[in-house]
1. Conditions first: (1) buried (at least 21 other Cβ atoms within 10 Å of the Cβ); (2) in a helix (DSSP H, G or I). Residue 214 passes all but one, so which condition is the exception?
2. Between a first residue in region 1-29 that is assigned by TED's automatic domain parsing to the domain that holds residue 93 and on the phi > 0 side of the Ramachandran plot and a second residue that is at pLDDT 95 or above and crowded, with 21+ Cβ neighbours inside 10 Å, which pairs have beta carbons less than 9 Å apart while being 6 or more apart in sequence or on different chains?
3. Just a yes or no: is a residue in region 347-359 within 30 Å of residue 268 (Cα to Cα), at pLDDT 85 or above and either surrounded by 10 or more Cβ atoms within 10 Å (Cβ to Cβ) or not assigned by TED's automatic domain parsing to the domain that holds residue 279 (or both)?
4. Which residues, taken from region 152-208, are crowded, with 23+ Cβ neighbours inside 10 Å and on the phi > 0 side of the Ramachandran plot?
5. Residues being surrounded by 16 or more Cβ atoms within 10 Å (Cβ to Cβ), in contact with a helix residue (DSSP H, G or I) (Cβ under 9 Å, 6 or more places away or on another chain) and not in a helix (DSSP H, G or I): count how many of those fall in region 102-144.
6. Inside region 153-184, can you point out the residues that are farther than 21 Å from residue 31 by Cβ, in a helix (DSSP H, G or I) and under 25 Å from the mean Cα position of the chain (by Cα)?
7. Just to verify a result, which residue in region 83-101, among those that are more than 30 Å from the chain's Cα centre (by Cα) and within 17 Å of residue 178 (Cα to Cα), is surrounded by the most Cβ atoms within 10 Å (Cβ to Cβ)?
C-alpha cells in the first residue's frame, strides 16, 4: 500500500467531549491523501472508546492507546514514529480544522522547498465552540505575528518566546528526522523548543488565514493555562530552551540589548548574549546570563573581551537574585507581620468578649431593677401613698422657694 502524502498526528487525552469533532474536521478536508495516526495517552473519560469506534469505521485512522498516561510529548512522538507521510500535521484532540487547511498548506510547501514548516493563524473558540471574546486572556493576541526569516524568528524566540500555533503546523517529515522529535522532559514549552531547533536549520512561514479553531477551555484547563504548577515550571523549561542558543551556536542571531553593568569593550557573541539576556530580565534569561558569565571567568582561563571584572560579576550575582530569595525574605517578614497582627486581633477579640460579658451583666441587672420598680409601682401600697408623695413634693418645693 502506498504511503499517504500527509500524516495527521493526534495525541489524545481526556477530550471525550471534543475528540469526535476533531477527527471529523480531518475527515472533512478537501485534500484527501492523508492518514490519521492517533495515540491515546491513557484517557479515562471515554476518549479511547470514541477513537476506537471512529477507527473501526475509517481505515485511514490508525489508533494506538497507552494503558496509562505517559505525557503529551511521548504520545505525539509515538504517533510521529508510526506516521508514513511526507508531511506531518499536528492536531490537538480538542481543536478542529477548517476544511481547506491541508490543501492550502500542502500547496505552499510544494511551492516553497526552502521552508521546513508552514503554520496558520488560529481562530480562538471557547469550550462550547463559540468565538472566544476575552481580550484580556494571555493567548488572545499572541499568535498575531508577521512572517520573518529564520534568523529573525530565532531572535524573536529568544526575546519574546513562542507565538506559533502548534495545531496549525504542517511540517516535512525530514525535518523531524533531522532535528528530532519533542522533548518529553518539557511539559509547557516542547513546541517552543521544537521551533528553535527547527529554525536553526529551516525557514518557516505563517499563512495569513485562520485555518484552526483553537479551543480555550473553561477553568484554566488548557495545558498552557496559568495554573500554579505551570507558572512554577515555565521558567525552568524556558532556561532549557534558551540553552540551545549556546549548544547550537545560535548566539549570533540574537539582537543585542545594553545592560548598565556591561564593560565598554566589544564582547564576543556569547558574552553579548549574556548581557542581552540580563537586560531582558526574566528569571530564565537572568539564569542563562549568569551561567555564561560564570564560565567566562573560569580560574586559569584568559578573560575574554566584554567579560566583567570578578568583583563586578560577584555584585551581579548578589543583585540579580535569580532564585527570588529577596522576595522570599520579604514574604517571610510579611508572614511574621501577619502573625503579629493576628495575635493583636486575638487579644482585642478577647478584650471585646470581656467587655461584652460585662455589658450583658449590666443590662441584666438593669432589667432586674426595672422589673422591681414596675412591681413597686403596681403595688397597693404605692397607690395608697400617692397623695402623701404628692404632698411631700409640694412641701419640698415651698422650702426651696423660701431659701431663695
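1. Going through (1) buried (at least 21 other Cβ atoms within 10 Å of the Cβ); (2) in a helix (DSSP H, G or I) one by one, residue 214 breaks only (2).
2. Pairs found: 14/41; 14/43; 14/47; 14/93.
3. no
4. Within region 152-208, no residue meets the criteria.
5. Count: 9.
6. 153, 154, 155, 156, 157, 158, 159, 160
7. Taking the candidates together, the pick is 87.
Yes/no matrix, rows are residues, columns are (1) within 24 Å of residue 302 (Cβ to Cβ); (2) within 18 Å of the chain's Cα centre (by Cα):
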{"residue": "220", "(1), (2)": "no, yes"}
{"residue": "225", "(1), (2)": "no, yes"}
{"residue": "228", "(1), (2)": "no, yes"}
{"residue": "233", "(1), (2)": "no, yes"}
{"residue": "240", "(1), (2)": "no, yes"}
{"residue": "244", "(1), (2)": "no, no"}
{"residue": "247", "(1), (2)": "yes, no"}
{"residue": "258", "(1), (2)": "no, no"}
{"residue": "264", "(1), (2)": "yes, no"}
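The values are calculated or read from the model by the stated rules, or taken from the named source; none is laboratory data. Here the structure is a predicted model, which is why all the values come from computation and not from measurement. Ideal geometry is used to build each Cβ from the backbone, glycine not excepted, and the neighbour counts take in all protein chains shown.
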